[in-house]
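Enquirer: For reference, the structure I am asking about is given below.
The values are calculated or read from the model by the stated rules, or taken from the named source; none is laboratory data. Keep in mind that this is a model prediction, so the values were computed, not measured. With ideal geometry, Cβ positions are generated from the backbone for all residues, glycine too; neighbour counts draw on all protein chains shown.
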Amino acid sequence: MEELGKSLPLAEGIVDAEQAGKDGGNKTCLNCSTPLTDKYCSHCGQRDLPARQDLGDLLINFISSFYSFESKFFKTFQYLLFRPGKIVAEYNAGKRESFYHPARMYVFLSFIFFLLMSIFASTDDLGLNNDEDFNPKDSVKADSIMAGVDSIMIAETGTGIKNKDLKFNYKPVSEGTNNSIQNALPESERDNFIVRYFERKGREIEARGKDKEKEMTKQFIDDAVGNIPRMLFFLMPIFALLLKLLYVRRDYFYSEHLVFTVIYYDFIYLAGSLIILVNQVSWLIWLQYFLYAWIFIYLYKAMRNVYKQRRAKTVTKYSLLLTMFFFCALFGFVIIFLIAFSNL
């Protein structure tokens with residue numbers, strides 16, 4: 001029986017009682033010096049292992065630890081994609097060691113998503129990295145981008161950008177745009193400081209000449225896209241706050257709504273990564289439409305499964321949540337476009 005016990009392979013969490021002395025046998029934890037009462041330290045959680053390990057012990061413990069990590073990681077991965085709200089409910093109920101930590105998953109999945117974005121969706125799609133002269137009139141994508149910027153500037157300042165050539169439709173100095181003439185006008189007729197800023201910025205951009213147009217367009221797009229991860233991160237507590245407001249009569253901490261938000265963000269980054277990947281395979285492109293639909297359906301089902309309210313109430317709150325968050329996200333995009341424009 002003893003020989004049979006020695007022949008059994010060691011695995012994480014499965015250690016034969018007769019092998020315990022061989023594996024560790026320490027009276028105190030080697031990591032924190034806490035007295036040991038079991039094969040795991042009650043203070044820091046480190047397993048009772050010998051201070052020095054031979055190559056076989058090292059490989060066995062490495063493989064078992066990796067298996068333990070992988071089983072938790074892929075379980076989280078599976079629940080995250082196919083079981084809306086399950087991780088949130090379990091996590092808020094205290095069952096936290098069964099899943100990979102939501103914040104770590106967020107860092108990992110957001111990194112993967114933006115890495116894939118940088119690889120498969122770049123300014124090459126606009127022809128900005130080619131040696132040929134760039135003419136926005138020949139690019140539908142560039143036109144749509146600059147049209148969006150134009151509408152933002154009109155909404156924010158009352159001025160506009162001619163998106164075809166990145167020129168402002170500001171007034172010439174002779175018509176009263178310089179400071180001296182502005183100061184001579186009645187206060188009610190003067191342009192506000194925002195309009196003045198954009199008119200001055202427009203003159204600076206035009207002064208650089210059309211030969212810099214391609215470079216400025218690429219810089220604008222790169223700056224705007226580069227700020228999207230930050231914008232999404234700052235919108236996370238706002239999403240949780242909206243949930244708190246919608247469920248203000250329910251007994252939930254703000255932190256529990258934040259857990260819901262982080263896990264939903266994890267799912268969005270996962271779904272977004274899959275969308276980018278399926279778009280690279282021609283016969284799988286159709287899957288992206290199911291993934292896009294699943295992003296919205298997933299949120300509704302997660303709200304139902306976590307907050308346990310009737311369908312009618314959940315649909316109402318779901319609609320309000322999407323509407324309010326849409327305007328918050330729109331404001332965020334306005335900010336990052338303005339920042340990118342100010343950096344030109």
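Enquirer: Being within 16 Å of Tyr106 (Cβ to Cβ) and at pLDDT below 95 is true for just one of Leu274, Leu291, Leu287, Leu270. Which residue is that?
Expert: Answer to the check: Leu270.
Enquirer: Only residues that are surrounded by 13 or more Cβ atoms within 10 Å (Cβ to Cβ), free of Cβ contacts under 8 Å to residues at least 24 places away in the same chain and among the basic types (Lys, Arg): list them for segment 280-319, please.
Expert: Within segment 280-319, Lys313 is the sole residue that qualifies.
Enquirer: Now, a different point. May I ask you to list the residues in segment 306-329 that are in a helix (DSSP H, G or I) and in contact with a Lys or Arg (Cβ under 8 Å, 6 or more places away or on another chain)?
Expert: Tyr307, Arg311, Thr314
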